[in-house]
1. Would the stretch 253-358 count as rounded, prolate or oblate if I go by the C-alpha gyration tensor, calling it rounded below 1.5 in a/c and otherwise prolate when a/b exceeds b/c, oblate otherwise?
2. What's the magnitude of the charge dipole for the chain around its Cα centre, counting Lys and Arg as +1 and Asp and Glu as -1 at the beta-carbon? Answer in Debye, nearest 20.
3. Residue by residue through the stretch 172-189, what is 3J(HN,Hα) from phi via Karplus (6.51 cos²θ - 1.76 cosθ + 1.60, θ = phi - 60°)? Round to whole Hz and write x for glycine and proline.
4. Given the Cα-Cα distance of residue 192 and residue 154 and 0.36 nm per residue of separation, how much length would full extension add, in nm?
5. In the stretch 216-280, which GluC sites (Glu not before Pro) are in a loop and have at most 13 other Cβ atoms within 10 Å, using DSSP for the loop call?
6. Please tell me the relative contact order of the chain in percent, rounded to the nearest whole number, where contacts are Cα pairs under 8 Å and at least six residues apart.
7. Looking only at 114, 263, 314, which one moves most when the chain is put into a Gaussian network model with springs between Cα atoms under 10 Å?
8. Once fully extended, how much extra length lies between residue 278 and residue 113, figured as 0.36 nm per residue of separation less the alpha-carbon to alpha-carbon distance?
Amino acid sequence: MRCWQASCHRIPAGPEHEKQRGNEGKMKLNIVCIPGDGIGPEIVAEAKKVLDKTAKVYGHEIAYTDVLMGGASIDACGVPLTQETIDTAKGADAVLMGSIGGDTTTSPWYKLAPDLRPEAGLLGLRKALSLFANLRPAVLYDELADACPLKKEIIGSGFDMMIMRELTGGLYFGERYTTEEGGVRKAVDTLTYDEKEIRRIAVKAFEIAMKRNKKVTSVDKANVLDSSRLWRKVVEEVAADYPEVALEHMLVDNCAMQLVKNPAQFDVILTENMFGDILSDEASMVTGSIGMLASASLNDSKFGLYEPSHGSAPDIAGQGIANPIATILSAAMMLRYSFDLDKEADAVEAAVKSILKKGYRTVDIMSEGCTKVGCKEMGDLLADEIN
């Protein structure tokens, strides 16, 4: 099914539209944007604003293509994800997404069959783009330390970690069934990983550790599970190719404890799907504000889909009060991991820290003595800070 898509600087699919770097390191960035639903269009607009200012300062060129997905696509096309959106995304260098979905109790989208609801579009796009590596940074900014539920003596000078979660294997994708044996109901879920699946996520983790503090904590349950024993063995094989990166192994139950006991010890946490699902939520909670949390999903190349960790917040959509920082930090991740523009990513992240230090806050992170600003104003402040 095809339908109209709002677009700007249309990007045809094909290898000729891969990232282009000029003689002086200047690049043309081909980015597909999915504004999505709820506050999505508002926060994506501010992320574009910051990206445009960054490109202007550093001499790059950005070509955007806006496409529909989620509820917006259901309204326009009858389905949450069209083949046109998939093809357009495949022809780009990266995808920047706002948020999708609506109020699950009142929206007509949730009266549809599960495979026609907004979230099915995201699952379909992840599958179509082979996105197997999920990155969830958890950063505690000094200025937001009071929002952290941990004691000050535990927080110390703050923490900055990256959860690297395998996204397409494990229990969530293994064989499952429910049966009845001798009048007793029985359910079976199968946890399966092969060495190729483990190796490719481990390589991503070590590559990202090389851009950070050069430490990987591989989390498993090797004292019990065969899948974890294979996981540990393959991770050690990959580690041999990255002698600059320190590797440690940690059992998942101990890791869950250490996240609230001493979060500053972690740099990159590498783990399988279910463990990563749980640990990334725990890590996000100790930062104190979901409105600050970026995320990314990558495939075998440097292609990635970048989005905030929070939802579409339909209750505040259109009011101009949404916090765009998580989306802007997701755009910074895009610069770093899809385009290798580390200086530019640093500039965006430094702008966020600077604006927080100056006391500007959106309503969700507002505290006494600070200046409250709206979504657009926060985007303007952050863009102006990059110079």
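Just so you know, all these numbers are worked out from the coordinates, no wet-lab data involved. This one's a predicted model, so the numbers in the text were calculated from it and none came from an experiment. With ideal geometry, Cβ positions are generated from the backbone for all residues, glycine too; neighbour counts draw on all protein chains shown.
1. Here the stretch 253-358 falls in the rounded category.
2. The dipole magnitude comes to about 340 debye.
3. 5, 10, x, 4, 9, 7, 10, 9, 9, 10, x, x, 10, 5, 9, 10, 10, 10
4. Working: separation 38, 0.36 × 38 = 13.68 nm, distance 3.65 nm.
So the chain would gain 10.0 nm between residue 192 and residue 154.
5. 244
6. Answer for the chain is 20 percent.
7. Greatest mean-square fluctuation among the candidates belongs to 114.
8. 56.7 nm
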